[in-house]
Amino acid sequence: MLLGRRVTWRVEEDDEAEPLQPVETQIHASKYEREDVQKKTFAKWINSQLTKKNLRGITDLVIDLQDGTNLLALLEILTGKEFKRERGRMRVHHLNNVNRALQILEQNHVKLVNISSNDIVDGNSKLILGLVWRIILHWQVHWTLPDAEPTNLEKTLLSWCKKNTEKYSVEVNNFTTSWSDGMAFNALIHSFRPDLFDFA
């Protein structure tokens, strides 16, 4: 019995084949790939906002948000207000900028849990991803569903899915079984892009 032992297998027919990685290594690699995709996706969303004011985009989500200036620029675009920022290069200037951004987010009812200015300035990628995700959820959902209550995003999103698939013969009651056969997903796509395929 092989309980508790790691086993590396090789393909015997091919001497040049690489050993298979243990499952833990594959899971670890997958986690970092997923985080990398999130960073790139969130950076693209931020850049799509910054270009509205012809501002230079960011290239590295973590590094480019650490001093707080890009975060404040993003919030200026999202709120339509101007905010003072400190231009210094010292940590205290960065902390003040990020603190100002976090205060603005709280004033706009963006729920922040366990995120401090130190986390952002220190480059804590998980918390920076969490912060940007909260910003995206708040403003993107607000633009898409202006009458939505921020208290229950899942219900709001489910309601939006139901509304956009009501003319199709699919039932959308949840985010699990309602989507298992792919018909609800196809109906949602077809409701926005009927030119892509026939929905019969």
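The values are calculated or read from the model by the stated rules, or taken from the named source; none is laboratory data. Remember, predicted model here, so these are calculated numbers, not experimental data. Reconstructed Cβ throughout: ideal geometry from the backbone, glycine too, with neighbour counts over all protein chains shown.
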Looking at (1) at pLDDT 85 or above; (2) surrounded by 13 or more Cβ atoms within 10 Å (Cβ to Cβ); (3) among the hydroxyl-bearing types (Ser, Thr, Tyr), can you tell me which one SER169 breaks? (2)
Tell me which of these MET183 doesn't satisfy, since it passes every other one: (1) over 30 Å from GLN66 (Cβ atoms); (2) among the aliphatic types (A, V, I, L, M); (3) modelled with pLDDT of 90 or more. (3)
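Would you confirm, using the coordinates I've provided, whether LEU55 is modelled with pLDDT under 90 and outside any helix (DSSP H, G or I)?
Details: modelled with pLDDT under 90: no; outside any helix (DSSP H, G or I): yes.
Here the answer is no, as LEU55 does not meet what is asked.
Being assigned to a helix (DSSP H, G or I), of a type in the set (D, E, K, R) and closer than 28 Å to TRP160 by Cα is the filter; apply it to segment 105-147 and report the residue that is modelled with the lowest pLDDT.
Initially, segment 105-147 is screened for residues assigned to a helix (DSSP H, G or I), giving 105-107, 117-121, 125-144.
Still in the running and of a type in the set (D, E, K, R): 106, 119, 126, 134.
Still in the list and also closer than 28 Å to TRP160 by Cα: 106, 134.
Details: GLU106: 95, ARG134: 89.
Checked segment 105-147; the qualifying residue modelled with the lowest pLDDT is ARG134.
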When residues of segment 11-47 are limited to those that are more than 23 Å from VAL121 (Cα to Cα), in a helix (DSSP H, G or I) and of a type in the set (S, T, N, Q), the one modelled with the highest pLDDT: SER30
